[in-house]
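The values are calculated or read from the model by the stated rules, or taken from the named source; none is laboratory data. The structure displayed is predicted, hence computed values, not measured ones. For neighbour counting, all protein chains shown are included, and Cβ atoms are generated from backbone atoms with ideal geometry for every residue, glycine included. These area figures cover heavy atoms from the full protein model, side chains too; ligands, DNA and RNA do not enter into them. Shrake-Rupley method; radii C 1.70, N 1.55, O 1.52, S 1.80 Å.
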Amino acid sequence: VLQKLVKAEKLQIVSHLAASISHEVRNPLTVSRGFIQMLSEGEATQARKEYATIALQELDRATEVINDYLTFAKPAFDIEENININEEVQHAVNVIIPLANMNGIQVKLSLVEHHHYLAKGDKKKFQQCLINIMKNGIESMENHGEINIHLDYKDTTLHINIQDEGAGMTQEQINRLGEPYFTTKEKGTGLGMMVSYSIIKGMNGHIHVTSEHGKGTCFSIILPVQAYKKKLISNTLSLT
Ligand code: ADP
Ligand code: MG
């Protein structure tokens, strides 16, 4: 119980921290970008133009890190839209395939084609969650193997299963998943799972993990959804 309390408290602190970081740091990055851009224009020598290009690239990279990990932290503003799960899963897979292939990994996706599954939430955040989990799957495998993504629908609940054939986790690692800054990677941030858990919680769902050390891991994103037969939806659309 104490461990859980500490975890919750840490999570709250980091969420606040994340919110202020993304606000406080994004602005100076944008301002610097503008000035460097101006310095590189007009009279600047070739060398200066090159330095400016590098500086701009690095600023963009920093912004990207903030976008990747901290967009969820926007304190007030939260979009609530209909999310078509099939579409978003397909989109996330399209985004992740180049990274997988670069690492010699195949991505297999099987959707339930006859149905639409609609959930409520923020599409961008949901994308972030899917990508964070798929990315971990890729990083857990040593340049070969498969990630299998399949959907399973039961009684208004959709399971999005993301199964890898990677290193797996010990029970201790599983317990620490989602804890801010928990990472076993040299260049890890330990923010990916924390972000993912908080996004799915915000959609009234949860994440279930099964993992076998040395064999692989399956992350199941479990969400309350509304299911529609595809035909019904296209009829409705053609009427409007
Ligand atoms: P990071 O990827 O930056 O380390 P995450 O929060 O995404 O941070 O993941 C935290 C840790 O959880 C990882 O360092 C790894 O130890 C473990 N982990 C997450 N996903 C997997 C997976 N699919 N297979 C094995 N370990 C995983
Ligand atoms: Mg990660």
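Tallying residues that are within 16 Å of ligand 2 (Cβ to nearest atom), over 22 Å from D122 (Cα atoms) and part of a helix (DSSP H, G or I) within the range 173-221 yields 3. Among the residues of the range 182-215, the ones that are near ligand 1 (Cβ under 10 Å from one of its atoms) and open to solvent by 20 Å² or more (accessible area, probe 1.4 Å) come to 13 in all. The combined condition, being touching a strand residue (DSSP E or B) at 6+ places or on another chain (Cβ under 7 Å) and more than 21 Å from S211 (Cβ to Cβ), is fulfilled by I83.
Take the conditions (1) part of a helix (DSSP H, G or I); (2) more than 16 Å from ligand 1 (Cβ to nearest atom); (3) in contact (Cβ under 8 Å) with a residue 24 or more places away in the chain; H116 misses just one of them, which is (1).
From the residues in the range 114-154 that are touching a Gly at 6+ places or on another chain (Cβ under 9 Å) and charged (D, E, K, R), which one is least open to solvent (accessible area, probe 1.4 Å)? Across the range 114-154, the extreme among qualifying residues is D122. If the condition is being part of a helix (DSSP H, G or I), open to solvent by 60 Å² or more (accessible area, probe 1.4 Å) and at pLDDT 80 or above, then the range 61-93 contributes E87, Q90, H91. Screening the candidates I96, I162, I147 for the property of being touching a helix residue (DSSP H, G or I) at 6+ places or on another chain (Cβ under 7 Å) and at pLDDT below 95 yields one hit, I96.
The residue of the range 104-113 that is nearest to ligand 1 (Cβ to nearest atom), among those that are at pLDDT below 95 and open to solvent by 50 Å² or more (accessible area, probe 1.4 Å), is S110. Within 16 Å of ligand 2 (Cβ to nearest atom), at pLDDT below 90 and within 18 Å of the chain's Cα centre (by Cα): is that true of K125 in this structure? Taking the combined requirement at face value, the residue satisfies it.
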